[in-house]
Amino acid sequence: MVQGRIIKGIGGFYYVDTKQGLYECKARGIFRKKKITPLVGDMVDISIVDDKNKKGVIEDIHDRDSELIRPPISNVTKAIIVFAVKNPKPNLSLLDRFIVLAEKEGLNVVICISKVDLDDDNYLEEIKSIYGSSYNIIPVSNKLNIGIDEIKEELKNNISVFAGPSGVGKSSLLNSIDSNLKLEVGQISEKVKRGKHTTRHAQLIRLEEGGLVADTPGFSSLSLDEIEAIDLKEYFIEFRELSSECKFYKNCLHENEPDCQVKKALEEGTISRYRYDSYIQLLHEIRDRKRRY
Ligand SMILES: Nc1nc2c(ncn2[C@@H]2O[C@H](COP(=O)(O)OP(=O)(O)OP(=O)(O)O)[C@@H](O)[C@H]2O)c(=O)[nH]1
Ligand SMILES: [Zn+2]
């Protein structure tokens, strides 16, 4: 038996990356009976059927640590959330949404600020002042070749997905990271017309420097439907430690409760006003959704 990781799946075949190379595998019928579908990202045990032609059979699927829906990949450990300083104009409320969804999945979050070659308004500094105490912020320019090594460093020893709005330079960045990756870069409108991300299957790409990266961006749906109002605060990591000191502990929504440490930190300026307001806005959105049903 050989251990490996599924990095691609097409038409009932799974491509399993092992120390001995890549094997094209079918899954044992037992999985279908148990209604278990092997997922890209799964660690598996395979038996080799034909070593010369690199063919095998998946015998066992190891337990998953996590399971993303978009892209459909298991065991992802890191989200690189990409936002540009310009073109498209950054929308921080959208950034917070991406962060919340990634935190909900338990992913390690890194914020990548792209197109810094266009940063006339010193937008990078503003982002750093809001997010810098909670997250690693990596300024990047594909044009000027800035920050690529730092991103590679973050990808090592991880299974990562890139996420972020259309046009921020995710594909360009992946191409700069690994010359084997030849992703399409182009005008936003043209790509949307061709429905770029709807037809392709997600796959993982092994990087020269180490690490696996999804070739399809994450979280194309930014709905908060799966999140309960009481849990939202857990996904604002700068609030997390403070919660235990609030009078109502884990039940404090940090809204109007007395003796709330988050509100205290807000007044003292150790929590960003921007992030707090953004939290309250998302909280209202979740509550309004509940009322509709
Ligand atoms: N000025 C500047 N432009 C860049 C940079 N990186 C990418 N671009 C441009 O930004 C546009 C969008 O780049 P893509 O890499 O396709 O962006 P994307 O995030 O993959 O977009 P989607 O596939 O729609 O999600 C292209 O016209 C790129 O040439 C950069 O570092 N600086
Ligand atoms: Zn509180």
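What are the lysines whose alpha-carbon lies under 17 Å from the alpha-carbon of K247, with same-chain residues fewer than 8 places away excluded?
In chain and number order, the partners are K233, K263, K264.
Expressed as a rounded percentage, what relative contact order does the chain have, with Cα pairs under 8 Å and six or more residues apart? Provide the component values of the computation, followed by the final result.
Working: 494 pairs, mean separation 41.8, N = 293.
RCO, the chain: 14 percent.
How many angstrom separate the Cα center of the stretch 217-293 from the Cα center of the stretch 104-127?
So the two Cα centres are separated by 22 Å.
Peptides 16-23, 268-275, 28-35: what's the order by average Cβ count within 10 Å, highest mean first?
16-23, 268-275, 28-35
What is the mean projected area of the alpha carbon convex hull for the chain, to one decimal in square nanometres?
With every direction weighted equally, the projected area is 18.3 nm².
Any chance you could list the semi-axes, whole Å, largest first, of the equivalent ellipsoid that the Cα gyration tensor gives for the stretch 229-292, using √(5λ)? If you can, show how the numbers build up before the last one.
Numbers: eigenvalues 74, 35, 19 Å².
Each semi-axis is the square root of five times an eigenvalue, giving 19, 13, 10 Å.
What number, rounded to the nearest 500 deg cm²/dmol, is the helix-based mean residue ellipticity at 222 nm of the chain, given -39500 (n - 2.57) per DSSP H run of at least four residues and division by all its residues?
Value at 222 nm, helices only, nearest 500: -8500 deg cm²/dmol.
Hey, got the dipole for the chain? About the Cα centre, +1 on K and R Cβ, -1 on D and E Cβ, debye to the nearest 20?
1420
Could you compute the net charge surrounding D149? Neighbours are other residues with a C-beta less than 14 Å from the C-beta of D149; K and R count +1, D and E count -1.
Spelling it out: positives minus negatives among the neighbours equals -4.
Kindly rank 170-177, 117-124 from highest to lowest mean number of other beta carbons found within 10 Å of each residue.
170-177, 117-124
Could you work out the local net charge near L101, counting Lys and Arg as +1, Asp and Glu as -1, over the other residues with Cβ closer than 12 Å to its Cβ?
Combined, the nearby Lys, Arg, Asp and Glu give -2.
Evaluate the stretch 2-61: find the radius of gyration of its Cα atoms, find its Kirkwood radius, and give the ratio Rg to Rh.
With Rh from the inverse mean 1/r over Cα pairs, Rg/Rh is 0.92.
Readers should treat all values here as calculations from the given coordinates under stated rules, not as data from a laboratory. Bear in mind that the values here come from a model prediction, so they are computed numbers and not experimental data. FYI the Cβ positions are ideal-geometry reconstructions off the backbone, even for glycines, and counts take in every protein chain you see.
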